1. Could you grab me the full set of residues in region 53-80 that are of a type in the set (Ser, Thr, Tyr) and in a loop (DSSP other than H, G, I, E, B)?
2. Give the number of residues within region 146-157 that are in contact (Cβ under 8 Å) with a residue 12 or more places away in the chain and either buried (at least 20 other Cβ atoms within 10 Å of the Cβ) or acidic (Asp, Glu) (or both).
3. Of the conditions (1) of a type outside the set (Asp, Glu); (2) surrounded by 19 or more Cβ atoms within 10 Å (Cβ to Cβ); (3) in contact with a His (Cβ under 9 Å, 6 or more places away or on another chain), Val262 clears all except one; give me its number.
4. Considering only region 313-325, I want to know if a residue exists there that is hydroxyl-bearing (Ser, Thr, Tyr), closer than 21 Å to Tyr203 by Cα, in the same structural domain as Leu210 (by TED's automatic domain parsing) and crowded, with 17+ Cβ neighbours inside 10 Å.
5. Suppose we filter Gly101, Gly130, Gly141 for residues that are of a type in the set (Gly, Ala, Ser), in the same structural domain as Ala81 (by TED's automatic domain parsing) and farther than 24 Å from Ser44 by Cβ; which single one remains?
6. Go through region 67-80 and give me each residue that's under 27 Å from Lys164 (Cβ atoms) and surrounded by 14 or more Cβ atoms within 10 Å (Cβ to Cβ).
7. Among the residues of region 161-199, write down those that are under 30 Å from Lys326 (Cβ atoms) and at pLDDT 75 or above.
Amino acid sequence: MAERAKTRGPTRSGVRRGPKSRADLTAPIDDEQLLEEAELSPLSVARVAICETSTASLTLARAAVAAQGYEVVIAAAGPAAVADVTKRLTVDPTPDIVLVGLPGGEALLDAARALEPRRPVLIAAVPGSGRVAAERAHAAGADLVALRPHDPERLGPLLFAAAKLASERADLVTARGTEARMRDRVDKLGHPDTVTGFQQLDYFQRVLELEMKRAKRYGYPLSVCLLRQTDPDKVPSSMKRDLRARAAAAIATAIRDIDMPVELPPDRFLVLLPYTDADGAAIVALRIVNAVAKHPPVRGNNQDWRAAVTAGVSGVPSGGDLSFAKLMRDASAALRAAEDAGEAVMIV
């Protein structure tokens, strides 16, 4: 059984070296280890809806929004304003910020919170000051509290904070959506084939891409083993699926933990062998061929049926010119040569 490739350690020359200087002890810095300093994002922009209890409060609030450079998309005041703004929130594009006057606007705050996950940031405008005002805003379900009467110099920074919060909330919603899609894709990619138990081809391709990059960067060998399954003559079609599964199970027992197998329908398998040159891959390939031949047969029609595989191997030594297309061409040529010559394993 071939051992896994081991990383070579430093050789001993028998020469005793003195202590290194501080300059010698300085570790080299790779470009990829350097962290880029992220630029500050531009100031947040915001679309603001205002629903106040009086026209005077509405006028002051609009002035503060304008001074901050934001857009007022809804502006209403008075007893009928709550119902009107509530309706518009469900019809119009959702604003980033909603400023609601209390008392009287509690129903609007409830309606705005129901717009999750993309609900606006909610500011409750209340009379009073200090903790009492904060408690009233919190009890109504607001995120922030503004004190009336409105002062543009005081309300402006609060709107700025609300816009930042709205921007970060939108980024979070987008990130969660991306994460959900990625999780779904990973679940699909990482779900093994129901017949062979191997990973799906898309998942294999991503592992292959990673291993190719590592092999090129660090100069370690990489090989592939291409296998073709041969079913017995006159095997019933009902047995072929079971034979495929038996061959895959045998392959799984013969490869190492670092190797990655994948099914290539209708009759081939491909095994990626990292840290392995062609000679080492040939040893694994021969072990696979023997494992398939010795695997328990499939019983059907009062007869035992056994699958068989033939292998073609190609590889790139440490520091060699690495091309997956060439690896596959060479492995395919080796497989055809093995089949033509009646050999179990051939290497290009």
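The values are calculated or read from the model by the stated rules, or taken from the named source; none is laboratory data. A quick note: this is a predicted structure, and the numbers were derived from the prediction, not measured. Backbone-built Cβ (ideal geometry, glycine too); neighbour counts: all protein chains shown.
1. Thr53, Ser54, Tyr70
2. Total satisfying the criteria: 5.
3. Only one criterion in (1) of a type outside the set (Asp, Glu); (2) surrounded by 19 or more Cβ atoms within 10 Å (Cβ to Cβ); (3) in contact with a His (Cβ under 9 Å, 6 or more places away or on another chain) is unmet by Val262, namely (3).
4. no
5. Gly130
6. Selection gives Gln68, Tyr70, Val72, Val73, Ile74, Ala75, Ala76, Ala77.
7. Selection gives Phe198 alone.
Yes or no, residue by residue, for (1) in contact with a helix residue (DSSP H, G or I) (Cβ under 8 Å, 6 or more places away or on another chain); (2) over 15 Å from Ser223 (Cβ atoms); (3) in contact (Cβ under 8 Å) with a residue 24 or more places away in the chain:
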site	(1), (2), (3)
Pro296	yes, yes, yes
Arg299	no, yes, no
Val309	yes, yes, yes
Val313	yes, no, yes
Gly320	no, no, yes
Met328	no, no, yes
Ala333	no, no, no
Ile347	yes, no, yes
